[in-house]
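Asker: Quick one: this structure, given as structure tokens, is what I'll be asking you about.
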Amino acid sequence: MFPAQFDYIAAKSLDEALSLLAEHKDDAKILAGGHSLLPAMKLRLTQPKVLIDLGRIKDLAYIREEGGEIHIGTMTTHYQIESSDLLRRACPLLNETAACLGDMQVRNKGTIGGSLAHADPAADWPAAVIALGAEIVVAGRKSERSVKADEFFVDLYQTALKQGEVIKEVRFATPKAHTGQAYLKVRHPASGFAVVGIAVSLTSDGSGKCQSCGVGITGVSPKPYHAGGVARALKGASLDGKSLAAAASHATDAVEVNSDLFASAEYRKHLAEVYARRALESAASRAK
Ligand SMILES: Cc1cc2nc3c(=O)[nH]c(=O)nc-3n(C[C@H](O)[C@H](O)[C@H](O)COP(=O)(O)OP(=O)(O)OC[C@H]3O[C@@H](n4cnc5c(N)ncnc54)[C@H](O)[C@@H]3O)c2cc1C
């Protein structure tokens with residue numbers, strides 16, 4: 001299948017990309033790795049007249065630690081995250097998430113920014129950035145703003161991005177000592193996307209109790225979400241099997257659970273609770 005005709009412009013800088021977006025408005029779309037946009041164009045689900053490629057802008061792909069925070073540029077590929085030594089030491093949740101995303105071709109080209117902007121309800125990155133309490137830094141032509149990850153995803157394939165804005169980076173506080181993390185996913189057997197994906201970043205107080213806990217869940221509802229009920233149930237509690245299981249039972253509190261041919265709402269809820277318990281157990285065992 002072929003996409004409708006379009007013009008292609010390789011932006012040389014973020015400023016140029018933002019000017020082009022302002023010029024072409026709704027006729028234009030940003031191109032990052034192309035692994036969601038190009039299939040959608042081939043199916044004619046979207047027919048932009050102009051593609052503005054960020055792929056030649058080298059300074060949008062980076063992973064750095066500065067001032068107690070980790071910053072990841074929007075064009076950083078899934079593979080660059082999977083193979084990052086900095087992240088393996090400071091935030092292995094992200095290596096772990098990247099490693100179970102798509103296949104090698106997808107990981108080599110797809111980007112974290114493209115995935116977040118696309119906001120597929122079964123994508124993996126949203127769960128991880130929500131669990132980390134990350135901020136999504138968004139650039140407009142005249143200013144920048146940052147949006148909390150759990151407010152960034154507004155609805156099915158909808159984000160808080162406004163017209164003319166581009167994701168610039170993801171940033172979050174470097175996880176503290178005694179933090180354990182885990183990402184567990186039930187893959188859809190055909191697409192590989194998450195039927196249920198649970199990301200946990202849990203900090204112990206050093207004496208076996210939970211100091212804080214972020215839990216991001218994808219695949220379960222029309223948009224990814226922070227499982228506040230799980231985090232609240234665990235705060236201050238002992239990190240033992242009983243408390244972890246009790247907390248995991250809140251995984252789908254106040255959420256509209258998806259139902260489709262592969263997984264009914266009841267089955268998905270069950271999976272979410274079971275995998276939340278397993279992810280919490282795994283994170284707790286690493287939070288020593
Ligand atoms: C076979 C296959 C399997 C896959 N499996 C998985 C999986 O298991 N889990 C998973 O999470 N994903 C999976 N994906 C999706 C993959 O992760 C994509 O790479 C990702 O969703 C989109 O990133 P991209 O860089 O390719 O973005 P693109 O496809 O280039 O762009 C996607 C959308 O985001 C917009 N956009 C891109 N960058 C920006 C930006 N910086 N600011 C604003 N808007 C922007 C584009 O305009 C477009 O609308 C799979 C894809 C394929 C083809």
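Asker: Does ALA32 count as within 8 Å of the ligand (Cβ to nearest atom), in contact with a helix residue (DSSP H, G or I) (Cβ under 6 Å, 6 or more places away or on another chain) and open to solvent by 20 Å² or more (accessible area, probe 1.4 Å)? Talk me through it step by step, then tell me what you get.
Answerer: Details: within 8 Å of the ligand (Cβ to nearest atom): yes; in contact with a helix residue (DSSP H, G or I) (Cβ under 6 Å, 6 or more places away or on another chain): yes; open to solvent by 20 Å² or more (accessible area, probe 1.4 Å): yes.
Against the criterion (within 8 Å of the ligand (Cβ to nearest atom), in contact with a helix residue (DSSP H, G or I) (Cβ under 6 Å, 6 or more places away or on another chain) and open to solvent by 20 Å² or more (accessible area, probe 1.4 Å)), ALA32 qualifies.
Asker: Just for the range 148-166: of the residues that are in a strand (DSSP E or B) and open to solvent by less than 10 Å² (accessible area, probe 1.4 Å), which one is nearest to the ligand (Cβ to nearest atom)?
Answerer: Kept after step one, since they are in a strand (DSSP E or B), are these residues of the range 148-166: 148, 153-155, 158-159, 166.
If we keep only those that are open to solvent by less than 10 Å² (accessible area, probe 1.4 Å) as well, we get 153, 166.
On the way: PHE153: 13, VAL166: 4 Å.
Top of the filtered list is VAL166.
Asker: Which condition number does VAL186 fail, the rest of (1) within 14 Å of the ligand (Cβ to nearest atom); (2) over 18 Å from LEU116 (Cβ atoms); (3) open to solvent by less than 10 Å² (accessible area, probe 1.4 Å) being met?
Answerer: (3)
Asker: With respect to GLY197, is the statement that it is closer than 29 Å to ARG89 by Cβ, of a type in the set (Gly, Ala, Ser), within 22 Å of the chain's Cα centre (by Cα) and buried (at least 20 other Cβ atoms within 10 Å of the Cβ) true?
Answerer: Here the answer is yes, as GLY197 does meet what is asked.
Asker: Which residue pairs have Cβ atoms closer than 9 Å, lie 6 or more positions apart in sequence or on different chains, and pair a first residue in the range 245-268 that is under 23 Å from CYS210 (Cα atoms) and modelled with pLDDT of 95 or more with a second residue that is open to solvent by 40 Å² or more (accessible area, probe 1.4 Å) and aliphatic (A, V, I, L, M)?
Answerer: Note: pairs meeting the criteria are ALA246/ALA233; ALA247/ALA233; ALA248/ALA233; SER249/ALA233; HIS250/ALA233.
Asker: Just to be sure before I move on: is ALA139 crowded, with 18+ Cβ neighbours inside 10 Å and within 11 Å of the ligand (Cβ to nearest atom) in the structure I sent? Steps first, please.
Answerer: Numbers: crowded, with 18+ Cβ neighbours inside 10 Å: yes; within 11 Å of the ligand (Cβ to nearest atom): yes.
Yes; evaluated as a whole, the condition is true for this residue.
Asker: Filter the range 38-48 for residues that are near the ligand (Cβ under 7 Å from one of its atoms) and in contact with a Pro (Cβ under 8 Å, 6 or more places away or on another chain) and give the result.
Answerer: LEU38, the sole residue that qualifies.
Asker: Residue by residue through the range 7-26, note down the ones that are surrounded by 14 or more Cβ atoms within 10 Å (Cβ to Cβ) and farther than 21 Å from ILE57 by Cα.
Answerer: Once the filter is applied, which keeps residues that are surrounded by 14 or more Cβ atoms within 10 Å (Cβ to Cβ) and farther than 21 Å from ILE57 by Cα, the range 7-26 yields nothing.
Asker: Cβ-Cβ under 6 Å, sequence separation 6+ or interchain: first residue in the range 58-81 and at positive phi, partner open to solvent by less than 60 Å² (accessible area, probe 1.4 Å). Which pairs?
Answerer: Short answer, once both residue conditions are applied: GLY68/THR174.
Asker: Out of the range 58-111, which residues are of a type in the set (S, T, N, Q), open to solvent by less than 10 Å² (accessible area, probe 1.4 Å) and assigned to a helix (DSSP H, G or I)?
Answerer: THR97
The values are calculated or read from the model by the stated rules, or taken from the named source; none is laboratory data. Since we're looking at a predicted model, the values are computed, not measured. Cβ coordinates were reconstructed from backbone atoms using ideal geometry, including for glycine residues, and neighbour counts include every protein chain displayed. Calculation scope for accessible area: heavy atoms of the full protein, side chains included, ligands and nucleic acids excluded. Shrake-Rupley method; radii C 1.70, N 1.55, O 1.52, S 1.80 Å.
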